[in-house]
1. Mind listing whichever residues of the range 392-416 are touching a residue at least 24 places away in the same chain (Cβ under 8 Å), within 23 Å of the chain's Cα centre (by Cα) and surrounded by fewer than 22 Cβ atoms within 10 Å (Cβ to Cβ)?
2. Scanning the range 376-391 for residues that are closer than 18 Å to residue 311 by Cβ and over 24 Å from the mean Cα position of the chain (by Cα), which turns out most open to solvent (accessible area, probe 1.4 Å)?
3. In the range 160-181, what count of residues is obtained for those that are open to solvent by less than 50 Å² (accessible area, probe 1.4 Å) and under 24 Å from residue 131 (Cβ atoms)?
4. Taking residue 163 as the residue in question, decide whether it is in a helix (DSSP H, G or I), acidic (Asp, Glu) and either farther than 16 Å from residue 90 by Cβ or out of contact with any Pro (no Cβ under 9 Å at 6 or more places or on another chain) (or both).
5. Please enumerate the residues belonging to the range 213-262 that are more than 27 Å from residue 385 (Cβ to Cβ), touching a residue at least 40 places away in the same chain (Cβ under 8 Å) and of a type in the set (S, T, N, Q).
6. I'd like the residue in the range 79-105 that is outside any loop (DSSP other than H, G, I, E, B) and small (Gly, Ala, Ser) and, out of all such residues, is nearest to the chain's Cα centre (by Cα).
7. Return yes when residue 233 is of a type outside the set (S, T, N, Q), more than 19 Å from residue 503 (Cβ to Cβ), touching a helix residue (DSSP H, G or I) at 6+ places or on another chain (Cβ under 9 Å) and open to solvent by 20 Å² or more (accessible area, probe 1.4 Å) and no when it is not.
Amino acid sequence: YSQIVVRSKFKVKSKTCHRHGSYERMMMKKALLSLLASSAITAAATAASAQTPTDARIAVAITETISGYNPYADPVVLLSNVWCQVYGCITRYDFDQNAFVPYLAESVRSVDPLTWEILLPEGATRHNGDPVLAQDIVHSIDYLGNNPASGKSYLVAGWSKVEAIDDRTVRITTATPDATVPDNLAGVAVTSKALYDQMGEAMFKNAPFGAGPYKLDTVSIGEHIVISRNDTHPMVSPNNPAQIMYRIMPEPEQRVTALANGEVQIAQSVPPQLIARVADLPNAQIVTTNSVEMMFLAMSPKTHPWDRKEARQAVAHAINREAIVRAILRDQAELLDGPVSAGQIGYDPEFSSAYDYSPEKARALLQSAGLEGVEVTLSTPVGRYTADRQITEAMVPMLEAAGFKVTLDTPEWATLWANVQQGKVPFYYMGRGSMIDPSRALHQYFATGGSPRLGFSDPELDALLAAERSEFDPAVRDQKMRAVVRHLVDAAPAAFMWQHKMAWGISKEVSFKPRPADQVNGWEIFVN
């Protein structure tokens, strides 16, 4: 909470009136008293208005899935962010400061290269009045790392010990130096150990008491999630929405139509062909932001032919990325020469990918490995990413011109995503969001044992990834990440495509500034 004190200072020069003294001073005084009285009335009215919380309910059209009440089950960025609003995550990324800052915590600090300490604020409480304790953080991290229902164990991989020093202090000991701990803590929603011990998994549905700026109202699996403003939380203001519904709307036309009809006030991911339509709406506008989501074609070496580097490199040569960005994305994307772009750790403006568009080079690679004519299935989301189906449909003839025989697979997003997480999809088009610090994503997809999603293993890459993660000096770490990028591009477990320029449809009823990561925080939405 903050208190604002306004002070006014006036310097007045006056001309003395012999009969009445300082006439000008007297008139100035009257004018000043009048001005102050008027200002006081205005200020009082404004303050009264500001202290009356809006009861506005808004809806956000999203492309994500909602798998249930468990805040640890689904690693999708936007929904993870919703759970952080409910329970409170330990840290968060502040785009204005360009740094990870405390969220639920009071402070997070590195004690030495293997030790981090988290300090909770004194008197922190949950929505039901229960205290937030260090033991809750230990419990939450243990659940993330060891419970079969967790979909985010990668967040705490390599943490050898997590202990509560007292009710407010947690100490994390890592097996090796890890500069990415603040990033990983941004994904740790802190649930109640006491309630979990009492109720088990039922706690997530029946007692979802967090310490975040919003409270959980309802979850309709596969349809929506509703949260309500926690008026006692210092991060919210009276003109933040009283209630937010995140509605799953996978089809772009559905999202834009709902925005036009006033059914939703924020529409995620407006595709290029619909931007003009939204811009022409009398009740809405388009707001764009650069994305930190890496779009790529993933190729699992656990399956043939992706166990051969030549096949993976052939894919990188086969795709005419420039044509896709120009014709389908209407230039609303930036090509990637690797997994990162300008502004991210590891970006080297002097580095360019060796994979130019060349069906001839692609076919020659397949021929050299005896793979010409090999049959592959390309799996794609439909409606999850901008123009995803149209893009992969355009990729099929490109891949076939290079010597592949391709079947396009278009499952529902929920099915595809579940299978990807279990490592059951050999070849797929996908995005990896929230790559503010790319280390976690690169470990997750490309480090040995990072996750089942690809099953890629390369000891030299592992060593490079370990080196960048162990470096606490930002400039030195950036150089080490550049070495990771160069090796990764050559090994080609993925063909890196582009980062979308994300277009959001925003109702004129609200003010909202989209961020490069897919986050829609209630405290950043203001009702006009």
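The values are calculated or read from the model by the stated rules, or taken from the named source; none is laboratory data. It should be emphasised that the depicted structure is a prediction, and the values quoted were computed from it without experimental measurement. Quick reminder, even Gly has a Cβ in these numbers, built from the backbone with ideal geometry, and neighbours come from all protein chains shown. In case anyone asks, the SASA skips ligands and DNA or RNA and just uses the protein heavy atoms, side chains included. Shrake-Rupley method; radii C 1.70, N 1.55, O 1.52, S 1.80 Å.
1. 412, 413, 414
2. So the residue we want is 377.
3. Final tally of qualifying residues: 5.
4. The answer is no for residue 163.
5. Once the filter is applied, which keeps residues that are more than 27 Å from residue 385 (Cβ to Cβ), touching a residue at least 40 places away in the same chain (Cβ under 8 Å) and of a type in the set (S, T, N, Q), the range 213-262 yields 230, 237, 239, 240, 243.
6. My answer is 80.
7. Against the criterion (of a type outside the set (S, T, N, Q), more than 19 Å from residue 503 (Cβ to Cβ), touching a helix residue (DSSP H, G or I) at 6+ places or on another chain (Cβ under 9 Å) and open to solvent by 20 Å² or more (accessible area, probe 1.4 Å)), residue 233 qualifies.
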